[in-house]
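Some notes on the structure that comes next.
The values are calculated or read from the model by the stated rules, or taken from the named source; none is laboratory data. Since the model is a prediction, treat every value here as computed from it, not as a measurement. When we count neighbours, we look across all protein chains shown, and the Cβ atoms used for this are built from the backbone with ideal geometry, even at glycine. The accessibility values were calculated without ligands, DNA or RNA, using every heavy atom of the protein model including side chains. Shrake-Rupley method; radii C 1.70, N 1.55, O 1.52, S 1.80 Å.
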Amino acid sequence: MASKKFIQALELLEEEKGIKKEVVLDALKEAMEKSYKRNYAGTESKVDVEINPTTGKIRIFETKDVVDDVMDEDYELSLEEAQAIDPKYKVGDVVVSEVDPQIFGRLAAIQTKQLLRQKIRESEKDALFNEYIDKKDDIINGIVDRVEPNFVIVNIGRTGALLPKNQQIPGEKLVDGQHIKVYVSDVVRETKDTRIKVSRTEPGLVRRLFEQEVPEVFDGTVEIVSVSREAGERSKIAVTSRDEDIDPIGSCVGKGGIRVNNVVKELNGEKIDIVEWNEDPIVYISHALSPSEVKHVTINEEEKSALVIVPDSQLSIAIGKRGQNARLAVRLTGWKIDIKSVSEAMAEGLAYDDDSEFNKSFEEEMTKVEEPIAEPIVQKIVEPVKEHIVIEVFDENETEELEEAFDDEETFDSNESFDEDYIEDDDDYVEDEDYIEDDYDDDYDEEDVYDPYEEYDAYYDD
């Protein structure tokens, strides 16, 4: 039944699917044993199948015990029947007889094929799980295989991975045959198959892309301490260096911005802010709110919250469009942040120690207030924020001022207090519901739950 061509087919299967030849041979042996017992012997029969791994030759052996009184013909043989085969047999001996594989009829062959296919699928699921579980939280290269309104199937080598719409970068248009990088968010071993879940919106994608582009990050000299991201619009990363002679921000940017530009292009033009991490939360929070100028930071370590005072002209930049800059800073630092302008601080009677001309003016204004001035807050004065870089895709010969990287069309009234709920928790941010739905879930209907894996399974079952 089997031949060298069969062995060659198994070797090809091992190469393409990662299923070892020995596993398939064992599965074939088991399938043939079950099929033979079901059709020609009995469930209690002793059957052994041997397959030569080099030539593919199959041999089937049936074993029966020699007894005086046969109780079960499936595994017992009378003395007379045994001696008809060989007169030397006696009661208690074991008769091993070889069966011609050609005995397998059409029905037995179909059953064997079905059992073998089932075993191969199980082995393939195990092989896929073992291969990709090691790639969880990493990025892999893929090719867009199929684009649908609610999902994209990405060919990642030996299988396809489903990229749901809510895991795609908003505004990005993927096309068949396009090469992309995806982040392996999870590998799930299910009853039917192994599913590799991928994403292009995870903050981990930004981290891994920098590891690929920046040798200092890859070898650990420069560490990415934290990443916060709103996919398709802006990301912030906090970096630090273990070598005092190496600038962590400059390393990530690269000469002429080539390193960070490669990351930006892979993320479909998403803006990236690179700030320096600092163990002092006051300094770190100031860096995180860049490019806004920060005049003062007061922290409450018990509540892990911070009050930040910025110049009136910087309030809209500190908060960001729809609160984005503040939200990203909260996620980056892990601190709850309340941002107030100087005017708001003056109106609320907040003062701080600073010998600058600005603070002298601040105190002069406060003397005009009829109510008593609040006691000065225990604080630490923040030095001017260290270098901060905002990167966008730009032509090689094009230079832009830092301020041009920000959209100042939307401004905030400096006399209105900034709502902490905008930045406390991403789940609580509902200031613009249409914005959230349009960017992430515009094709989903709560009343009609759509499972893209059903269509994904139908596609790959072929």
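Figures for the structure shown
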{"quantity": "Qualifying positions in segment 158-205 - of a type in the set (Val, Ile, Thr) and under 11 Å from the mean Cα position of the chain (by Cα)", "calculated": "Val182, Val184, Val187, Ile196, Val198, Thr201"}
{"quantity": "Selected residue [farther than 30 Å from Ile7 by Cβ, out of contact with any Cys (no Cβ under 9 Å at 6 or more places or on another chain) and modelled with pLDDT of 85 or more] from Val66, Val70", "calculated": "Val66"}
{"quantity": "Condition met for Leu77 (in a strand (DSSP E or B) and touching a helix residue (DSSP H, G or I) at 6+ places or on another chain (Cβ under 7 Å))", "calculated": "no"}
{"quantity": "Top-ranked residue of segment 318-356 - restricted to ones that are among the basic types (Lys, Arg) and not in a helix (DSSP H, G or I), ranked as modelled with the highest pLDDT", "calculated": "Lys336"}
{"quantity": "Members of segment 1-33 found to be open to solvent by 40 Å² or more (accessible area, probe 1.4 Å), modelled with pLDDT under 80 and of a type in the set (Lys, Arg), listed by number", "calculated": "Lys4, Lys5, Lys17, Lys20"}
{"quantity": "All positions within segment 160-207 that are of a type in the set (Ser, Thr, Tyr), over 17 Å from Val263 (Cβ atoms) and not in a strand (DSSP E or B)", "calculated": "Thr191"}
{"quantity": "Among (1) under 34 Å from the mean Cα position of the chain (by Cα); (2) farther than 24 Å from Gln168 by Cα, the one test that Glu348 misses", "calculated": "(1)"}
{"quantity": "Filtered residues of segment 80-91 (kept if open to solvent by 40 Å² or more (accessible area, probe 1.4 Å) and in a helix (DSSP H, G or I))", "calculated": "Glu80, Glu81, Gln83, Ala84, Ile85"}
{"quantity": "Cross-chain or 6+ apart pairs with Cβ under 9 Å, segment 279-307 first and farther than 19 Å from Val227 by Cα, then open to solvent by 30 Å² or more (accessible area, probe 1.4 Å) and among the hydroxyl-bearing types (Ser, Thr, Tyr)", "calculated": "Glu293/Ser313; Lys295/Ser356"}
{"quantity": "From Val99, Val94, Val66, residue being touching a residue at least 60 places away in the same chain (Cβ under 8 Å) and either open to solvent by 80 Å² or more (accessible area, probe 1.4 Å) or more than 42 Å from the chain's Cα centre (by Cα) (or both)", "calculated": "Val99"}
{"quantity": "Residues of segment 162-195 classified as modelled with pLDDT under 90, crowded, with 16+ Cβ neighbours inside 10 Å and either touching a Gly at 6+ places or on another chain (Cβ under 9 Å) or over 18 Å from Asp137 (Cα atoms) (or both), total", "calculated": "1"}
{"quantity": "Any hit, segment 117-132, residues being aliphatic (A, V, I, L, M), open to solvent by 60 Å² or more (accessible area, probe 1.4 Å) and at pLDDT 80 or above", "calculated": "no"}
{"quantity": "Odd one out for Gly56, checked against (1) of a type outside the set (Val, Ile, Thr); (2) assigned to a loop (DSSP other than H, G, I, E, B); (3) open to solvent by 20 Å² or more (accessible area, probe 1.4 Å)", "calculated": "(3)"}
